[in-house]
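Have a look at the structure below, then the notes.
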Amino acid sequence: MSKILITGHRGFIGGHALRHFSRTHDVVGYDYDPDHFPDTQGFDWVMHFGAISSTNERDVEKVLTQNLDFSIRLFDACRKSSTNLQFSSSASIYGATDHFREDGPVDPQSVYAWSKYLFERHVRQTSHDNIVQCFRYFNVYGTGEDHKSQPSPHSLFRRQSEISVFQSDDGRMARRDFVPVEHIIQTQERFLDIPESGVWNIGTGRPETFREVADTVQKETGAIIKEKPLPEELSRQYQWYTCADLTKLNETLERHATKRSSRS
């Protein structure tokens, strides 16, 4: 049993993590408070989920303060206390591309994406003896995301009697790699037993169009589906396509599964 500090435990993914890991580990939750910084001493792991997650947030100072400055401070605290760290990043840092390899180029298009990339960059350029694992989430969905300013279409469409699906001027529709939140938690749980630092994608590798999601929801709810142009304010940062390259993730999990098998 490990002692784990979970940040953002009142949020969507952090809440799932808190409920899951509390069954088998000693877990303490923390949510961002500018007047109270968590003590990482005595924990085996910090799982850092807390962040302003809206890609439409325009308050640059607010996002950088909470997503970047706080994360750097937390990383430094973990280094000093020799506490291992897992933290959530985002596939949004890839930008508009058709490749999604962890070692490939990135092109952040929102303040949120930049905050995630800059923290990754800081970790990469700073020496540390503790284990630090970064996970680039693709489009996470599941129960409990109703409070989010940008819930996944899997959840948003189920609340709508009329579903709007964006399309480009040439009729193209977005295809995204939608990953269940349970898969995120299960993957990070497996990495608690992997003494390796690095960056890994977490997704399914099987993108769906928003129309396919809408069609599924329509069969359940009878909602009307309408197609409409992408709003101008979203056009510069909109990702029309995401698909996790899971090569590195699968190789890491397989390598360590083989090691455990050989020892047993």
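Just one of (1) surrounded by fewer than 19 Cβ atoms within 10 Å (Cβ to Cβ); (2) touching a residue at least 40 places away in the same chain (Cβ under 8 Å); (3) not in a loop (DSSP other than H, G, I, E, B) fails for H128. It is (3). From the list V181, V213, the lone residue that is in contact with a Gly (Cβ under 9 Å, 6 or more places away or on another chain) and within 15 Å of N139 (Cβ to Cβ) is V181. Just for the stretch 105-125: of the residues that are assigned to a loop (DSSP other than H, G, I, E, B) and touching a residue at least 40 places away in the same chain (Cβ under 8 Å), which one is surrounded by the most Cβ atoms within 10 Å (Cβ to Cβ)? Checking each candidate, the answer is S110.
Test T24 against the criterion of being in contact with a Phe, Trp or Tyr (Cβ under 8 Å, 6 or more places away or on another chain) and assigned to a loop (DSSP other than H, G, I, E, B), and give yes or no. No; evaluated as a whole, the condition is false for this residue.
It is to be established whether one or more residues within the stretch 210-229 are at pLDDT below 80 and closer than 22 Å to Q160 by Cα. Step through it out loud before you land on a result.
Here is the first cut: in the stretch 210-229, the ones at pLDDT below 80 are none.
No, the conditions are met nowhere in the stretch 210-229.
Name the residues in the stretch 239-264 that are at pLDDT below 85 and surrounded by 17 or more Cβ atoms within 10 Å (Cβ to Cβ), would you? The answer is Q239, and nothing else.
Just for the stretch 36-58: of the residues that are of a type in the set (D, E, K, R) and modelled with pLDDT of 95 or more, which one is surrounded by the most Cβ atoms within 10 Å (Cβ to Cβ)?
Start the filter on the stretch 36-58 by keeping residues that are of a type in the set (D, E, K, R), which leaves 39, 44, 57-58.
Going one step further and asking which of them are modelled with pLDDT of 95 or more, we end up with 39, 44.
Values: D39: 12, D44: 15.
Applying the filter and picking the extreme gives D44.
Scoring E102 on the criteria (1) touching a residue at least 60 places away in the same chain (Cβ under 8 Å); (2) over 18 Å from the mean Cα position of the chain (by Cα) leaves a single failure, condition (2). A count restricted to the stretch 22-35 and to residues that are closer than 13 Å to R10 by Cα and either surrounded by fewer than 13 Cβ atoms within 10 Å (Cβ to Cβ) or of a type in the set (S, T, N, Q) (or both) stands at 1.
Every listed requirement among (1) touching a residue at least 24 places away in the same chain (Cβ under 8 Å); (2) under 17 Å from the mean Cα position of the chain (by Cα) is met by Y30 save one, (2). Working only within the stretch 1-21, note down all residues that are buried (at least 18 other Cβ atoms within 10 Å of the Cβ) and either free of Cβ contacts under 8 Å to residues at least 24 places away in the same chain or assigned to a loop (DSSP other than H, G, I, E, B) (or both). Residues satisfying the conditions are G8, H9, G11, L18.
On the stretch given as the stretch 63-99, residues that are over 17 Å from H122 (Cβ atoms), within 19 Å of the chain's Cα centre (by Cα) and not in a loop (DSSP other than H, G, I, E, B) total 4. A91: among the hydrophobic types (A, V, I, L, M, F, W, C), modelled with pLDDT under 95, touching an Asp or Glu at 6+ places or on another chain (Cβ under 8 Å) and under 20 Å from N139 (Cα atoms), yes or no? Considered against the rule, which asks whether it is among the hydrophobic types (A, V, I, L, M, F, W, C), modelled with pLDDT under 95, touching an Asp or Glu at 6+ places or on another chain (Cβ under 8 Å) and under 20 Å from N139 (Cα atoms), A91 comes out as no. For S53, the conditions (1) more than 25 Å from T126 (Cα to Cα); (2) in contact (Cβ under 8 Å) with a residue 12 or more places away in the chain all hold with the exception of (1).
Which of the residues that make up the stretch 121-141 are under 27 Å from P180 (Cβ atoms) and over 13 Å from the mean Cα position of the chain (by Cα)?
Here is the first cut: in the stretch 121-141, the residues under 27 Å from P180 (Cβ atoms) are 123, 131-141.
Once the filter is applied, which keeps residues that are under 27 Å from P180 (Cβ atoms) and over 13 Å from the mean Cα position of the chain (by Cα), the stretch 121-141 yields V123, I131, V132.
When you scan the stretch 105-117, how many residues do you find that are among the aliphatic types (A, V, I, L, M) and under 15 Å from the mean Cα position of the chain (by Cα)?
Of the residues in the stretch 105-117, 1 are among the aliphatic types (A, V, I, L, M) and under 15 Å from the mean Cα position of the chain (by Cα).
The values are calculated or read from the model by the stated rules, or taken from the named source; none is laboratory data. Because the structure is a prediction, the values reported are computed rather than measured. Virtual Cβ from ideal backbone geometry, glycine too; neighbours counted across all protein chains shown.
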